[in-house]
1. May I have the convex hull volume per residue, in Å³, for the Cα set of the stretch 142-261?
2. Run the quick spin-label model on N98 and L130: label points 7 Å from Cα toward the beta carbon, then report their separation in nm to one decimal.
3. Roughly what percent of Cα-Cα pairs across the chain reach past 25 Å?
4. So which of K151/K177; K18/K239; K93/K239 end up more than 30 Å apart by C-alpha?
5. Report the semi-axes of the equivalent ellipsoid for the stretch 81-201 in whole Å, largest first, where each axis is √(5λ) for an eigenvalue λ of the Cα gyration tensor.
6. Of the options F233, L165, Q61, report the single residue whose Cα projects farthest towards the positive end of the charge dipole of the chain (beta-carbon charges: Lys, Arg +1; Asp, Glu -1).
7. Rounded to the nearest 20 debye, what is the charge dipole size of the stretch 175-257 about its Cα centre when +1 sits on each Lys and Arg Cβ and -1 on each Asp and Glu Cβ?
8. Okay, helix-only estimate at 222 nm for the chain: each DSSP H run of n ≥ 4 adds -39500 (n - 2.57), divide by all residues, round to 500 deg cm²/dmol; what do you get?
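Every number in this text was worked out from the coordinates using simple rules, so none of it is lab data. Since we're looking at a predicted model, the values are computed, not measured. Reconstructed Cβ throughout: ideal geometry from the backbone, glycine too, with neighbour counts over all protein chains shown.
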Amino acid sequence: MLDVVEEVELPDNSLSLKYVREVFFVTLNAGKTLLENGAETYRVEDTMERIARHYGVENVQVFVATTVIILSMNDYGLSQQIRILTRNNNLEKVVNINELSRQIINGMSIADAKEAVNRISETRMFPLWLVVLFGGIAASMFLMMFNGSVKDLPITIFAGALGVLVTEWIQRYTKIKFFTEILAAFLIALFAVLYVRFGYGVNVDTIIIASVMPLVPGVPITNALRELIRGHFLAGSMKGIEAGLTAIAIGAGVGTVFLII
């Protein structure tokens, strides 16, 4: 008995190719924005399929991995693969795309959706000084959570901000995250140890732990677990390895300071 192959339906003649291309544009760029900014792969696939089918385009095939998106609208001969070269954790864009998908389901026109997805994807990231500032503030909050001393607060804010500055600034010129994170953790531990040894600080361990927390890959770890639970083993494994390498880099940077001082 021969295997039954998938039946490919004829395209809907009521949809013009120009209209389908606009749906293709909105679908692909919505998925690209989600994946670039920290969304899970199953969320990206589900959102893209829902958008295309809402606008009447059936037989849509979507494949999403950590660094690639493949979208095909088979009935119309449209297919494209795009590489995801940069990934951030800008959850604001993820929320905006999710809200856009709800508006599409509620009746947004394709023209308005095209304009909205362009606007969201072109939204600028937060300025560097603001990211660095809140990196220091976040480190100080972790210090308080770990019952640290008030005397350690100045160096914790400084070291936390410095770690974020190093990672954000250097990554604008190089894509080698591993060595960037080693350098950031090294500088954090170095300033913490010197601060305590000169008699200004109280607990070097608490300072270091609180200061490196803004570098800890919380979102990738969470997403890796969610991907594995949903059965997306390729994406989950890749994100888990990426988070593990970041943890190793932080440990290597801190450990190097204790070896040489």
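1. Convex hull volume per residue, Cα atoms: 99 Å³.
2. Going from the N98 label point to the L130 one covers 2.1 nm.
3. The answer is 54 percent, as a whole percent.
4. The pairs that break the limit, which is 30 Å between Cα atoms, are K151/K177; K18/K239.
5. 39, 18, 10
6. L165
7. 160
8. Only helices count here, giving -21500 deg cm²/dmol.
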